[in-house]
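Asks: First, the structure itself, so that you have it in front of you.
Throughout, read-outs are computed from the coordinates displayed, never taken from laboratory work. These figures come from a predicted structure and were not determined experimentally. Cβ coordinates were reconstructed from backbone atoms using ideal geometry, including for glycine residues, and neighbour counts include every protein chain displayed.
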């Protein structure tokens, strides 16, 4: 088993946190993991992305130029990265901010209104968890329950107020697929 995923959006959407949570969960389940964050100097509002690789065997390289999976949380990220996704891959798009303008019939497109769902739950700040919950459920790469349990070990102290909302967002995201 081998899965790689690019999570992309803009600074402030929790892109790097979502990747870190997924990577930590993979480690907790005893898998080989690579976590490679990247973000612009602008931080909030600038570009942000990260790559996570989870495998049952050693991972040869942390660099993925053509990922097989992606979560696209913003239109600029979608336009930039969709052409790089491997044929036969899966792309989860946040339909709240991404308009499916590009045509790729060789990848599976999973549409999730992450922002709307997050606002229904409580706050836009948990849209990343809605999207991650949906992708984890769809891919089956890690257990949704282990993902939820890992939250309290990965979340920073200044975001502890979001812990119960993040858990709910992961569960609600999983229900969407």
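Asks: Please state which of the following conditions residue 46 fails to meet, knowing it meets all the rest: (1) surrounded by fewer than 17 Cβ atoms within 10 Å (Cβ to Cβ); (2) in contact with a helix residue (DSSP H, G or I) (Cβ under 9 Å, 6 or more places away or on another chain); (3) under 15 Å from residue 15 (Cβ atoms).
Replies: Going through the list (1) surrounded by fewer than 17 Cβ atoms within 10 Å (Cβ to Cβ); (2) in contact with a helix residue (DSSP H, G or I) (Cβ under 9 Å, 6 or more places away or on another chain); (3) under 15 Å from residue 15 (Cβ atoms), residue 46 breaks only (2).
Asks: Taking the stretch 48-58 as the region of interest, how many residues are closer than 17 Å to residue 27 by Cα and outside any loop (DSSP other than H, G, I, E, B)? Quick ask: steps written out before the conclusion?
Replies: Our first condition is that a residue be closer than 17 Å to residue 27 by Cα; within the stretch 48-58, this holds for 50-58.
Going one step further and asking which of them are outside any loop (DSSP other than H, G, I, E, B), we end up with 50-55.
The number of residues fulfilling the criteria is 6.
Let's see how each residue does on (1) in contact with a strand residue (DSSP E or B) (Cβ under 6 Å, 6 or more places away or on another chain); (2) within 22 Å of residue 20 (Cβ to Cβ):
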residue: 54; (1), (2): yes, yes
residue: 67; (1), (2): yes, yes
residue: 70; (1), (2): yes, yes
residue: 79; (1), (2): no, no
residue: 90; (1), (2): yes, yes
residue: 115; (1), (2): no, yes
residue: 123; (1), (2): no, yes
residue: 136; (1), (2): no, yes
residue: 154; (1), (2): no, yes
